[in-house]
Amino acid sequence: FSALPDDLIESELFGYEEGAFTGARKGGKIGLFELADGGTIFLDEIGDVSLKVQTKLLRVLQEKEIMMVGGTSIKKVDVRIIAATNKNLRNMVLEKKFRADLYYRLKIGYLFIPPLRARISDIEDLVAYFIKISTAADVKVSQKVIDEFMKYKWFGNVRELENTIQYMLAVRNGNILNTSDLPSRNFFEEALSEKNYFEKSHAEINSEDELNADLVNILKCLKELQDNNIAAGR
(Lines give C-alpha, C1' and ligand atoms only; values in the text may rest on other atoms or scores of the structure.)
Protein backbone atom coordinates (compact mmCIF):
# COMPACT_ATOMS: atom_id res chain seq x y z
CA PHE A 1 0.00 0.00 0.00
CA SER A 2 2.78 2.48 0.82
CA ALA A 3 4.00 2.48 -2.81
CA LEU A 4 0.63 3.10 -4.50
CA PRO A 5 -1.67 6.15 -4.67
CA ASP A 6 -5.33 5.73 -3.67
CA ASP A 7 -6.77 5.70 -7.20
CA LEU A 8 -4.34 3.01 -8.33
CA ILE A 9 -4.99 0.95 -5.19
CA GLU A 10 -8.74 0.99 -5.87
CA SER A 11 -8.36 -0.05 -9.50
CA GLU A 12 -5.88 -2.80 -8.58
CA LEU A 13 -8.00 -4.22 -5.77
CA PHE A 14 -11.49 -3.80 -7.17
CA GLY A 15 -10.87 -3.60 -10.91
CA TYR A 16 -12.44 -1.08 -13.29
CA GLU A 17 -14.94 -0.87 -16.09
CA GLU A 18 -14.04 0.22 -19.63
CA GLY A 19 -13.79 4.01 -19.80
CA ALA A 20 -13.75 4.41 -16.02
CA PHE A 21 -10.84 6.87 -16.32
CA THR A 22 -8.34 8.21 -18.83
CA GLY A 23 -5.98 5.45 -19.88
CA ALA A 24 -8.28 2.65 -18.73
CA ARG A 25 -7.76 -0.59 -20.60
CA LYS A 26 -10.31 -1.44 -23.27
CA GLY A 27 -12.75 -3.92 -21.82
CA GLY A 28 -11.82 -2.97 -18.25
CA LYS A 29 -9.76 -5.01 -15.83
CA ILE A 30 -10.57 -7.55 -13.12
CA GLY A 31 -9.35 -6.57 -9.65
CA LEU A 32 -7.28 -8.65 -7.26
CA PHE A 33 -10.22 -9.38 -4.96
CA GLU A 34 -12.16 -10.91 -7.84
CA LEU A 35 -9.10 -12.84 -9.01
CA ALA A 36 -8.68 -14.19 -5.47
CA ASP A 37 -12.30 -15.33 -5.25
CA GLY A 38 -12.28 -18.70 -3.48
CA GLY A 39 -8.71 -18.17 -2.31
CA THR A 40 -6.50 -15.87 -0.27
CA ILE A 41 -5.24 -12.30 -0.75
CA PHE A 42 -2.31 -10.80 1.20
CA LEU A 43 -2.48 -7.07 1.95
CA ASP A 44 0.98 -5.83 2.89
CA GLU A 45 1.59 -2.58 4.83
CA ILE A 46 -2.10 -2.26 5.72
CA GLY A 47 -1.17 0.54 8.14
CA ASP A 48 -0.36 2.83 5.19
CA VAL A 49 -3.79 2.65 3.56
CA SER A 50 -5.83 5.86 3.48
CA LEU A 51 -9.12 6.33 5.34
CA LYS A 52 -10.91 6.46 1.99
CA VAL A 53 -9.67 3.01 0.94
CA GLN A 54 -10.19 1.68 4.48
CA THR A 55 -13.92 2.28 4.03
CA LYS A 56 -13.97 0.19 0.86
CA LEU A 57 -11.92 -2.56 2.48
CA LEU A 58 -14.37 -2.68 5.37
CA ARG A 59 -17.19 -3.39 2.94
CA VAL A 60 -15.28 -6.32 1.47
CA LEU A 61 -14.61 -7.80 4.90
CA GLN A 62 -18.09 -7.13 6.26
CA GLU A 63 -20.34 -7.81 3.27
CA LYS A 64 -18.03 -9.85 1.00
CA GLU A 65 -18.95 -7.46 -1.82
CA ILE A 66 -16.98 -5.35 -4.30
CA MET A 67 -17.83 -2.75 -6.90
CA MET A 68 -15.51 -1.98 -9.80
CA VAL A 69 -14.24 1.57 -10.30
CA GLY A 70 -16.74 3.16 -12.67
CA GLY A 71 -19.09 0.21 -12.26
CA THR A 72 -22.73 0.07 -11.19
CA SER A 73 -23.16 -3.54 -10.14
CA ILE A 74 -22.09 -5.29 -6.95
CA LYS A 75 -20.23 -8.59 -7.08
CA LYS A 76 -19.96 -11.16 -4.31
CA VAL A 77 -16.50 -12.51 -3.45
CA ASP A 78 -15.39 -15.24 -1.08
CA VAL A 79 -11.87 -14.26 -0.07
CA ARG A 80 -9.68 -14.95 2.93
CA ILE A 81 -7.66 -11.84 3.82
CA ILE A 82 -4.23 -11.83 5.47
CA ALA A 83 -2.88 -8.37 6.34
CA ALA A 84 0.52 -7.28 7.67
CA THR A 85 1.99 -4.08 9.07
CA ASN A 86 4.96 -2.90 11.09
CA LYS A 87 2.87 -0.11 12.64
CA ASN A 88 0.88 -0.15 15.86
CA LEU A 89 -2.68 -0.20 14.53
CA ARG A 90 -4.17 0.16 18.00
CA ASN A 91 -2.35 3.46 18.49
CA MET A 92 -3.41 4.56 15.01
CA VAL A 93 -7.05 3.87 15.96
CA LEU A 94 -6.66 6.05 19.06
CA GLU A 95 -5.12 8.79 16.89
CA LYS A 96 -8.05 8.51 14.41
CA LYS A 97 -5.67 7.46 11.61
CA PHE A 98 -7.14 3.96 11.26
CA ARG A 99 -10.80 2.96 11.39
CA ALA A 100 -11.67 1.11 14.59
CA ASP A 101 -14.26 -1.07 12.84
CA LEU A 102 -11.73 -2.16 10.20
CA TYR A 103 -9.12 -2.82 12.90
CA TYR A 104 -11.41 -5.16 14.80
CA ARG A 105 -12.57 -6.89 11.61
CA LEU A 106 -8.96 -7.59 10.69
CA LYS A 107 -8.07 -8.74 14.20
CA ILE A 108 -9.84 -12.10 13.95
CA GLY A 109 -6.60 -14.03 14.18
CA TYR A 110 -3.62 -11.97 15.36
CA LEU A 111 0.03 -12.96 15.09
CA PHE A 112 2.80 -10.75 16.47
CA ILE A 113 6.21 -11.50 14.97
CA PRO A 114 8.96 -10.10 17.22
CA PRO A 115 11.97 -8.39 15.61
CA LEU A 116 15.07 -10.47 14.97
CA ARG A 117 16.95 -8.85 17.86
CA ALA A 118 14.30 -10.28 20.21
CA ARG A 119 14.76 -13.83 18.90
CA ILE A 120 18.48 -14.18 18.26
CA SER A 121 18.24 -17.95 18.72
CA ASP A 122 16.70 -18.01 15.21
CA ILE A 123 19.77 -16.44 13.60
CA GLU A 124 21.74 -19.64 13.01
CA ASP A 125 18.79 -21.37 11.31
CA LEU A 126 18.05 -18.28 9.22
CA VAL A 127 21.68 -18.03 8.11
CA ALA A 128 21.64 -21.69 7.01
CA TYR A 129 18.38 -21.11 5.15
CA PHE A 130 19.59 -18.00 3.31
CA ILE A 131 22.76 -19.81 2.24
CA LYS A 132 20.74 -22.77 0.99
CA ILE A 133 18.44 -20.65 -1.21
CA SER A 134 21.28 -18.42 -2.47
CA THR A 135 23.88 -20.95 -3.61
CA ALA A 136 24.21 -24.60 -4.56
CA ALA A 137 27.71 -24.71 -3.03
CA ASP A 138 28.30 -26.33 0.36
CA VAL A 139 29.03 -23.13 2.29
CA LYS A 140 29.51 -23.06 6.05
CA VAL A 141 29.70 -20.16 8.52
CA SER A 142 32.43 -19.75 11.09
CA GLN A 143 31.43 -19.61 14.75
CA LYS A 144 33.02 -16.16 15.04
CA VAL A 145 30.57 -14.82 12.45
CA ILE A 146 27.63 -16.39 14.27
CA ASP A 147 28.88 -14.88 17.55
CA GLU A 148 29.04 -11.43 15.94
CA PHE A 149 25.57 -11.89 14.48
CA MET A 150 24.25 -12.79 17.93
CA LYS A 151 25.60 -9.55 19.43
CA TYR A 152 24.30 -7.26 16.69
CA LYS A 153 20.94 -5.44 17.11
CA TRP A 154 19.66 -6.06 13.55
CA PHE A 155 17.66 -2.85 13.25
CA GLY A 156 17.00 -3.83 9.63
CA ASN A 157 15.45 -7.09 10.87
CA VAL A 158 15.52 -10.33 8.85
CA ARG A 159 16.02 -8.52 5.53
CA GLU A 160 19.25 -7.01 6.84
CA LEU A 161 20.50 -10.48 7.79
CA GLU A 162 19.57 -11.86 4.37
CA ASN A 163 21.33 -8.99 2.57
CA THR A 164 24.42 -9.49 4.74
CA ILE A 165 24.57 -13.18 3.85
CA GLN A 166 24.15 -12.43 0.14
CA TYR A 167 27.01 -9.94 0.30
CA MET A 168 29.28 -12.38 2.13
CA LEU A 169 28.52 -15.12 -0.40
CA ALA A 170 29.48 -12.74 -3.22
CA VAL A 171 32.87 -11.76 -1.78
CA ARG A 172 33.95 -15.05 -0.11
CA ASN A 173 37.25 -16.67 -1.04
CA GLY A 174 36.32 -20.17 0.08
CA ASN A 175 33.41 -22.21 1.32
CA ILE A 176 33.59 -20.89 4.88
CA LEU A 177 32.22 -17.42 5.66
CA ASN A 178 34.59 -15.59 8.02
CA THR A 179 34.55 -12.19 9.72
CA SER A 180 36.79 -10.93 6.90
CA ASP A 181 33.83 -11.42 4.55
CA LEU A 182 31.60 -8.97 6.47
CA PRO A 183 30.60 -5.82 4.55
CA SER A 184 32.96 -3.44 6.36
CA ARG A 185 35.16 -3.04 9.39
CA ASN A 186 32.49 -0.90 11.11
CA PHE A 187 29.55 -3.05 10.06
CA PHE A 188 28.46 -3.88 13.61
CA GLU A 189 28.68 -0.35 14.96
CA GLU A 190 25.27 1.02 15.89
CA ALA A 191 24.06 4.21 14.27
CA LEU A 192 24.08 7.21 16.62
CA SER A 193 20.33 7.62 16.17
CA GLU A 194 19.79 4.13 17.57
CA LYS A 195 21.80 4.80 20.74
CA ASN A 196 19.18 6.00 23.15
CA TYR A 197 19.12 6.16 26.90
CA PHE A 198 17.17 2.93 27.29
CA GLU A 199 20.01 0.90 25.74
CA LYS A 200 22.25 1.63 28.75
CA SER A 201 22.96 -1.21 31.10
CA HIS A 202 21.46 -1.16 34.59
CA ALA A 203 24.97 -0.66 35.98
CA GLU A 204 25.44 2.49 33.88
CA ILE A 205 22.08 3.86 35.00
CA ASN A 206 22.75 3.11 38.66
CA SER A 207 26.11 4.87 38.48
CA GLU A 208 24.47 8.23 37.72
CA ASP A 209 23.85 10.00 41.00
CA GLU A 210 21.03 12.20 39.71
CA LEU A 211 18.78 9.23 39.06
CA ASN A 212 17.05 7.90 42.15
CA ALA A 213 15.76 4.33 42.62
CA ASP A 214 12.22 5.20 41.54
CA LEU A 215 13.37 6.61 38.22
CA VAL A 216 15.58 3.58 37.60
CA ASN A 217 12.57 1.31 38.09
CA ILE A 218 10.51 3.46 35.72
CA LEU A 219 13.22 3.26 33.08
CA LYS A 220 13.43 -0.52 33.46
CA CYS A 221 9.67 -0.81 33.02
CA LEU A 222 9.74 1.45 29.96
CA LYS A 223 12.51 -0.63 28.40
CA GLU A 224 10.59 -3.86 28.99
CA LEU A 225 7.50 -2.33 27.39
CA GLN A 226 9.47 -1.00 24.42
CA ASP A 227 11.09 -4.41 23.91
CA ASN A 228 7.57 -5.82 23.63
CA ASN A 229 6.50 -3.08 21.20
CA ILE A 230 4.18 -1.43 23.73
CA ALA A 231 4.16 2.35 23.86
CA ALA A 232 4.11 4.04 27.27
CA GLY A 233 5.02 7.38 28.80
CA ARG A 234 6.77 7.90 32.12
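The values are calculated or read from the model by the stated rules, or taken from the named source; none is laboratory data. Because the structure is a prediction, the values reported are computed rather than measured. Only protein heavy atoms, including side chains, enter the accessible area calculation; ligands, DNA and RNA are left aside. Shrake-Rupley method; radii C 1.70, N 1.55, O 1.52, S 1.80 Å.
Points worth noting:
- Placed amide H near Val141: partners under 5 Å, 5+ positions off or other chain: Leu177
- For the range 1-78, the per residue solvent-accessible surface stands at 56 Å², with DNA, RNA and ligands left out and a 1.4 Å probe.
- Multiplying the residue separation of Asn228 and Arg117 by 0.36 nm and removing their Cα-Cα distance gives an extension gain of 38.8 nm.
- Percent accessible area from carbon and sulfur atoms, the range 23-63, protein chains only, probe 1.4 Å: 52 percent
- All Cα pairs of the range 1-150, percent lying beyond 25 Å: 47 percent
- Heavy atoms of Arg90: accessible area, 1.4 Å probe, square angstrom to 10: 140 Å²
- Summarising the amide proton neighbourhood of Ala83: residues at separation of 5 or more, or on other chains, whose placed amide H is nearer than 5 Å comprise Leu43.
- The lysines whose alpha-carbon is closer than 27 Å to the alpha-carbon of Lys87, local same-chain residues fewer than 8 away aside, are Lys52, Lys56, Lys64, Lys96, Lys97, Lys107, Lys151, Lys153, Lys195, Lys200, Lys220, Lys223.
- Solvent exposure ordering (accessible area, 1.4 Å, most first) of Ile74, Ile41, Ile218: Ile74, Ile218, Ile41
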